[in-house]
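The values are calculated or read from the model by the stated rules, or taken from the named source; none is laboratory data. As the structure is a computational prediction, the values presented were derived from the model and not from experiment. Here the Cβ positions follow ideal geometry from the backbone for every residue, glycine too, while neighbour counts run over all protein chains shown.
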Amino acid sequence: MKRFSFSNLMLVVGLVFIYLPMLILVIYSFNASKLVTVWGGWSVKWYVGLLDNSQLMGSVVRSLEIACYTAIAAVALGTLAAFVLTRITHFKGRTLFGGLVTAPLVMPEVITGLSLLLLFVAMAQMIGWPQERGIVTIWIAHTTFCAAYVAVVVSARLRELDLSIEEAAMDLGARPWKVFFLITIPMIAPSLAAGGMMSFALSLDDLVLASFVSGPGSTTLPMEVFSAVRLGVKPEINAVASLILLVVSLVTFLVWYFSRQAEERRKRAIQQAIEEAAADSWKQPDVRRAQAPEAA
């Protein structure tokens, strides 16, 4: 019988420490009592009551919208930055550029939020934009630090790629942009998906930056929850958090599933190409042997 090692014990303890609070949150979202810490039986009235809480649901929709926009923009900008850092190795200021790309990873969010607030105020005075802070300013703020995470993830994947595949495509006449979109992008698709999910989660979770650059009518879910928790946790908060967990888990599963399918198709295509090339190499000597007597 295999012994239960200390490492397995620590693994179980770590998983319980991470996921037990989420499980308790989901269970208490079905609590019939108005007191969050007192169990009063099973009920779904708090989920039904969310339909009447327009303020809370509005913040949920707003946060999901900003998170989606942030994920798209961060993946685009982060991928370009990663491509420059890994493929264009010799240019003046490369070290400075790499430092600027990764600076948001170590910069305190309070400093970043205050800097962006002063920037938006100065821009409004100089060029008249933005006239008011809202969803757009929050989206810009979230993109600034999420793109850095994407750049780090994609850079690691780009350094592992076999450049001979791209070089072979260019030798066959493919233009660089075609190689990038048809060969490079599919090979780094899992990293793009991981970076997009990370950006989505970071944007959905952010409180500090949104507090600095938001304006009237642009309250996000973390801001709404933080304001409500200061007066006591409401049962509706548990219901909303459970729905967010469900949505994020579902999206994560779909991204993982389609990424795995794409990776398997890519491996099958590579294996098929190798087998076809091997078959052609076996056929060529036979053709030469058949042509030799005719030439004689």
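Miscellaneous remarks
- Being small (Gly, Ala, Ser) and at pLDDT 85 or above holds for only one residue in 269, 210, 277, and it is 210.
- Just one of the numbered conditions (1) surrounded by 18 or more Cβ atoms within 10 Å (Cβ to Cβ); (2) at pLDDT 85 or above; (3) over 30 Å from residue 130 (Cα atoms); (4) not polar (S, T, N, Q) is not true of residue 257: (1).
- Pair list, Cβ under 9 Å, 6 or more apart: segment 117-132 residue touching a residue at least 12 places away in the same chain (Cβ under 8 Å) and among the charged types (D, E, K, R), other residue part of a loop (DSSP other than H, G, I, E, B) and loosely packed, with under 10 Cβ neighbours inside 10 Å: 132/216
Each row is one residue, and each column tells you yes or no for (1) within 25 Å of the chain's Cα centre (by Cα); (2) among the β-branched types (Val, Ile, Thr).
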position: 19; (1), (2): yes, no
position: 23; (1), (2): yes, no
position: 29; (1), (2): no, no
position: 37; (1), (2): no, yes
position: 42; (1), (2): no, no
position: 54; (1), (2): no, no
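- Count - residues of segment 57-96 that are assigned to a loop (DSSP other than H, G, I, E, B) and modelled with pLDDT of 90 or more: 0
- The set of residues in segment 199-221 being part of a helix (DSSP H, G or I) and crowded, with 19+ Cβ neighbours inside 10 Å consists of 199, 200, 203, 204, 209, 210, 212, 213, 221.
- If you check 199, 259, 164, 214 for being touching a Cys at 6+ places or on another chain (Cβ under 6 Å) and within 30 Å of residue 82 (Cβ to Cβ), only one passes: 199.
- Taking the criterion of being hydrophobic (A, V, I, L, M, F, W, C) and surrounded by 20 or more Cβ atoms within 10 Å (Cβ to Cβ), the residues of segment 38-59 that qualify are 46, 56.
- Within segment 1-42, if we keep just the residues that are more than 30 Å from residue 229 (Cα to Cα) and not in a helix (DSSP H, G or I), the residue that is modelled with the lowest pLDDT turns out to be 1.
- Index of the failed condition, residue 96 passing every other in (1) of a type in the set (A, V, I, L, M, F, W, C); (2) without any contact (Cβ under 8 Å) to a residue 24 or more places away in the chain; (3) crowded, with 17+ Cβ neighbours inside 10 Å: (3)
- When segment 216-232 is filtered for residues that are in contact with a helix residue (DSSP H, G or I) (Cβ under 9 Å, 6 or more places away or on another chain), among the aliphatic types (A, V, I, L, M) and either within 18 Å of residue 199 (Cβ to Cβ) or modelled with pLDDT under 85 (or both), the ones remaining, listed by number, are 221, 228, 229.
- Near pairs, Cβ below 9 angstrom, 6+ apart or cross-chain, from segment 194-219 (under 9 Å from residue 138 (Cβ atoms)) to any residue that is assigned to a helix (DSSP H, G or I) and among the basic types (Lys, Arg): 218/62
- Segment 27-82: number of residues that are in contact (Cβ under 8 Å) with a residue 40 or more places away in the chain and closer than 30 Å to residue 103 by Cα: 21
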